[in-house]
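Take a look at the structure set out below.
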Amino acid sequence: MRELWASVEARARGIRTPAVVAGAVYRAGVFYRADLVTDFVPGGIDLATALFEQGSGFDVAEMLVASGQLIRDLERAGVLHADLNAKNILLVEHDGRFEAHVLDLDRCRILSVDEPSPGHAMRRRLERSLRKLGSVYTRPLQASEWDALRTGMGGDSG
């Protein structure tokens, strides 16, 4: 249920994330298990697939700027994603420009509106994810690509 609340609150704060459209809760002794169903995002591709599996055809710099802007928006909205990685950023192309959506909010922390955001952990987590994938696929990001991501974030990664 935490993911449902985080999704609703993140969307209320202007964060692009697929809307939850259905859910189910299953009893498991004193605990429970829950499944959520979200809206389908037509044409969406996760950042990891777009960068490392799909090959050419995408404007990599534009994707990375959009991903960086999403992180900046999450920080400003006080939405802290504990596991922000390249698989949790969904990109959608509109007329050559990319829009980034965040996925998998189950471990997300929503800050009060007046609480300062220690969002640099999200930046570092995404950068670790990109370095790891770059190593696995023997395609590390180039300096210009890191610059594009940091430009979207609004500066240095901290």
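Given the conditions (1) under 17 Å from the mean Cα position of the chain (by Cα); (2) in contact (Cβ under 8 Å) with a residue 24 or more places away in the chain, report the number of the one that residue 40 does not fulfil. Going through (1) under 17 Å from the mean Cα position of the chain (by Cα); (2) in contact (Cβ under 8 Å) with a residue 24 or more places away in the chain one by one, residue 40 breaks only (2).
A quick yes/no check of all residues on (1) more than 16 Å from residue 86 (Cβ to Cβ); (2) in contact with a strand residue (DSSP E or B) (Cβ under 6 Å, 6 or more places away or on another chain); (3) in contact (Cβ under 8 Å) with a residue 40 or more places away in the chain; (4) not basic (Lys, Arg):
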position	(1), (2), (3), (4)
19	yes, no, no, yes
24	yes, yes, no, yes
29	yes, no, no, yes
45	no, yes, yes, yes
49	no, no, no, yes
54	no, no, no, yes
59	yes, no, no, yes
67	no, yes, yes, yes
74	no, no, yes, yes
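I'd like to verify a number: residues in the stretch 67-84 that are within 23 Å of residue 35 (Cβ to Cβ) and either surrounded by fewer than 21 Cβ atoms within 10 Å (Cβ to Cβ) or charged (D, E, K, R) (or both), how many? Write out each step before concluding.
Step one: filter the stretch 67-84 for residues within 23 Å of residue 35 (Cβ to Cβ), giving 79, 81-84.
Still in the running and either surrounded by fewer than 21 Cβ atoms within 10 Å (Cβ to Cβ) or charged (D, E, K, R) (or both): 82-83.
The qualifying residues number 2.
Taking the stretch 107-158 as the range and being in contact (Cβ under 8 Å) with a residue 12 or more places away in the chain, loosely packed, with under 12 Cβ neighbours inside 10 Å and hydroxyl-bearing (Ser, Thr, Tyr) as the test, the residues that pass are 112, 144. Screening the stretch 52-66 for residues that are closer than 11 Å to residue 151 by Cβ and out of contact with any Phe, Trp or Tyr (no Cβ under 7 Å at 6 or more places or on another chain) and picking the one that is least open to solvent (accessible area, probe 1.4 Å) gives 64. Being part of a helix (DSSP H, G or I) and in contact with an Asp or Glu (Cβ under 9 Å, 6 or more places away or on another chain) is the filter here, so list the residues in the stretch 116-128 that pass it. Answer for the stretch 116-128, where residues must be part of a helix (DSSP H, G or I) and in contact with an Asp or Glu (Cβ under 9 Å, 6 or more places away or on another chain): 120, 122, 123, 125.
The values are calculated or read from the model by the stated rules, or taken from the named source; none is laboratory data. Computed from a predicted structure; not experimentally measured. A quick note on method: Cβ atoms are made from the backbone with ideal geometry, for glycine too, and the neighbour counts reach across all protein chains shown. The protein model used for the area step is the full one, side chains on, heavy atoms only, and it has no ligands, DNA or RNA in it. Shrake-Rupley method; radii C 1.70, N 1.55, O 1.52, S 1.80 Å.
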